[in-house]
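One structure is given here, and the rest of the page talks about it.
The values are calculated or read from the model by the stated rules, or taken from the named source; none is laboratory data. These figures come from a predicted structure and were not determined experimentally. Glycine also receives a Cβ, built like all others from the backbone with ideal geometry; neighbour counts cover every protein chain displayed. Surface areas here come from the heavy atoms of the whole protein model, side chains and all, with no ligands, DNA or RNA. Shrake-Rupley method; radii C 1.70, N 1.55, O 1.52, S 1.80 Å.
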Amino acid sequence: MSACRIERLIPALAVSEGAGVTVHRTIGTPALRNLDPFLMLDHFNSDDPEAYIAGFPDHPHRGFVTVTYMLNGHMLHQDSMGNRGNLRAGGAQWMKAASGIIHSEMPQQSDGLMRGFQLWINLPAREKMSDPDYQEISPEGIPSDTHDGATVRVIAGQYRNTRGPVADPNTQALYFDVALTAGHQFAHRVDPQMRGFIYVFEGAAAMQGQALPLHHLAVLSGGESVDIDAATQAARFIIVMGRPLGEPIVQSGPFVMNTRDEIEQAMRDYHIGKLVQKKAKFAEK
């Protein structure tokens, strides 16, 4: 069985977003514009409330899905459809912007530390102008599985007999948060047609003897298994994989479509107040 290997290492790039919040971006930078079907990965991590409390005031999206996963702190979400939620530490938010949504994400002070990830997943052309949707998953709604030194929180996809609450039928995405104790290996079989990455945010790990540096995104080659070692110290990382869509990607800021004309239409719709076209459904698990 062939194992996935590290194809590229992308260091996180500090980027200012929202009302001046610094995030650390790997996908969506000059070094890696996208990794089909993934469009952006931001890691936010600060113990200084002054660095993040201004948050992400109202801003638009069209043409893709966002998945926000909180490690520490909590975030208040509100959007143009009337959805409102408080994303707590250990919880996740899945938001299908599709035809258009305007929302805000405002950090709420909680013991100083604010830490988590936001991932953008592309939508196929046939769904870019479909109805928006929204799902907030409580920390208790994300299952975990502990096996042979690895504790895996399953946000999307399936690990052993544990299935996550987030489902993306277009990409069959998997999204795991893995805590691996020193001296153990995480192993998981995958579809060799999937594309994906690993991002280590605590400790140290390696694949086939090659180091996975802290705060770098490791782009994975095709393979039938993902095998990660924590030899000398514990590690914590996310692993994300999905089936590529193989469609043109044209992006301008918060709009991701298939053609330049569609991007220009999204900009016109936003400026004349017609970006939001359909009411989203709200669900919490």
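Sort through THR232, THR259 and tell me the only one that's at pLDDT 95 or above and exposed (fewer than 14 other Cβ atoms within 10 Å of the Cβ).
THR259
Could you look through the stretch 91-105, keep only residues that are at pLDDT 90 or above and open to solvent by 10 Å² or more (accessible area, probe 1.4 Å), and pick out the one that is farthest from PRO165 (Cα to Cα)?
Residue satisfying both the conditions and the ranking: LYS96.
Identify, please: which residue in the stretch 7-39 is open to solvent by 40 Å² or more (accessible area, probe 1.4 Å) and of a type in the set (D, E, K, R) and is, among those, modelled with the lowest pLDDT?
Step by step, filter the stretch 7-39, then rank; the result is GLU17.
Filter the stretch 122-135 down to the residues that are under 17 Å from the mean Cα position of the chain (by Cα) and open to solvent by 10 Å² or more (accessible area, probe 1.4 Å), then identify the one that is farthest from ASP42 (Cα to Cα).
The selected residue is ASP133.
Residues of the stretch 235-255 being open to solvent by 40 Å² or more (accessible area, probe 1.4 Å), among the small types (Gly, Ala, Ser) and in contact (Cβ under 8 Å) with a residue 12 or more places away in the chain, which ones?
Correct list: GLY246 only.
Return a yes/no flag: does the stretch 212-222 have any residue that is farther than 17 Å from TYR69 by Cβ, open to solvent by 60 Å² or more (accessible area, probe 1.4 Å) and in contact (Cβ under 8 Å) with a residue 24 or more places away in the chain.
Looking through the stretch 212-222, none of the residues is farther than 17 Å from TYR69 by Cβ, open to solvent by 60 Å² or more (accessible area, probe 1.4 Å) and in contact (Cβ under 8 Å) with a residue 24 or more places away in the chain.
Can you confirm whether the stretch 61-84 contains a residue that is within 19 Å of ILE137 (Cβ to Cβ), outside any strand (DSSP E or B) and modelled with pLDDT of 75 or more?
yes
Restricting attention to the stretch 141-164, and to residues there that are open to solvent by 30 Å² or more (accessible area, probe 1.4 Å) and part of a loop (DSSP other than H, G, I, E, B), which single residue is nearest to SER225 (Cα to Cα)?
Among them, the one singled out is ARG160.
Given the conditions (1) in contact (Cβ under 8 Å) with a residue 24 or more places away in the chain; (2) under 27 Å from ALA14 (Cα atoms); (3) among the small types (Gly, Ala, Ser); (4) open to solvent by less than 50 Å² (accessible area, probe 1.4 Å), and given that SER225 satisfies all but one, which numbered condition is not satisfied?
(2)
Quick one: would you say ALA92 is within 17 Å of the chain's Cα centre (by Cα) and farther than 20 Å from ASN34 by Cβ?
yes
If you check every pair at least six apart or on different chains, which have Cβ atoms under 6 Å apart with a residue in the stretch 172-194 that is of a type in the set (S, T, N, Q) first and a residue that is part of a loop (DSSP other than H, G, I, E, B) and open to solvent by 60 Å² or more (accessible area, probe 1.4 Å) second?
GLN172/ARG243
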